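Accompanying notes for the structure given below.
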Amino acid sequence: MERFTFSQISSATLRPYVSLKHRPETPDYWLTLSAPLDARDRERLAVLAPFLDGLRLAGLNEATLWARAIYPLLMLAEQSSARTWAGVPLRAEFPAFVLEGTLDGVIGVSDLGDLGRPLLIVAEAKRGLEASDPQPQLLAEMLAVARCNWEAVPHGPREIFGCYTISDVWTFARARVGDFDAERPTFEVTLSREHAAWVEAETVLGILKGIVAHSLAAWAPYLDPAS
């Protein structure tokens, strides 16, 4: 059985094992999904902004960029039982292959303080000699999470959300996954346009909050009421 790590996967290695389809960008969908911000959201964004003033984000190392520009926005999208995690190990076994590695970031349902059901996966583009297109990594991570969700709740939602970041530029993804027991599971994905987070901070946070609210509603019938 073939085994792939998230950080090393490419479109060429993924396609023989997955029936992958890209649907055209639908900007209206992301606008409709986006949640309105309230005064408290805007106050929190205003508090974060000075910590990035004057910084050359492209020159920051991955850990610093994650801590100052990415993770804080994810935390602002928390609501109800949804919390943010970083560095989450994951392994998913399919009939013909295995996906494994560490997720850079996850917003998911908190279950007694631990990550329960993942709702949104975040992949940060690597820098330097290890740099590569982050999109295949994100899609592989979304596929793996969808598999784990399906194993836990076979009749639950087949939809999964993700995003990848390059410096402070965010691209969101929505996927429908099926045929988990087939040799080649189906994976249909739609991507958003790119958003420069600290120019479009309100837009990015609105989409993040909308994804979390939408996903919590979809999973509500399958979640422990105590979560």
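Comparison of Ala201, Ala218 shows that the only residue that is over 14 Å from the mean Cα position of the chain (by Cα) and surrounded by fewer than 20 Cβ atoms within 10 Å (Cβ to Cβ) is Ala218.
Kindly indicate whether Thr102 is of a type in the set (Ser, Thr, Tyr) and in contact (Cβ under 8 Å) with a residue 40 or more places away in the chain. Here the answer is yes, as Thr102 does meet what is asked.
When each of Ala63, Ala46, Ala58 is tested for being assigned to a helix (DSSP H, G or I), surrounded by fewer than 17 Cβ atoms within 10 Å (Cβ to Cβ) and modelled with pLDDT of 90 or more, the lone residue that passes is Ala46. Within the stretch 182-227, being within 15 Å of Gly108 (Cα to Cα), in a helix (DSSP H, G or I) and either among the β-branched types (Val, Ile, Thr) or touching a residue at least 40 places away in the same chain (Cβ under 8 Å) (or both) holds for Leu208, Lys209, Gly210, Ile211, Val212, Ala213, His214, Ser215, Leu216, Ala218, Trp219, Tyr222.
Checked against (1) touching a Gly at 6+ places or on another chain (Cβ under 7 Å); (2) surrounded by 15 or more Cβ atoms within 10 Å (Cβ to Cβ), Val145 meets all criteria but (1). If you go through the stretch 89-116 and keep only what is of a type outside the set (Gly, Ala, Ser), surrounded by 18 or more Cβ atoms within 10 Å (Cβ to Cβ) and within 17 Å of Leu139 (Cα to Cα), you end up with Leu90, Phe94, Phe97, Leu99, Leu103, Asp104, Val106, Ile107. The residues of the stretch 74-89 that are out of contact with any helix residue (DSSP H, G or I) (no Cβ under 6 Å at 6 or more places or on another chain) and not polar (S, T, N, Q), listed by number, are Leu74, Met75, Glu78, Arg83, Trp85, Ala86, Gly87, Val88, Pro89. Evaluation of Ala144 against the conditions (1) part of a loop (DSSP other than H, G, I, E, B); (2) under 16 Å from the mean Cα position of the chain (by Cα); (3) of a type in the set (Gly, Ala, Ser) shows that the sole unmet condition is (1).
The values are calculated or read from the model by the stated rules, or taken from the named source; none is laboratory data. Keep in mind the model is a prediction, meaning the values are calculated, not measured. Cβ sites come from the backbone with ideal geometry, for glycine too, and all protein chains shown count toward neighbours.
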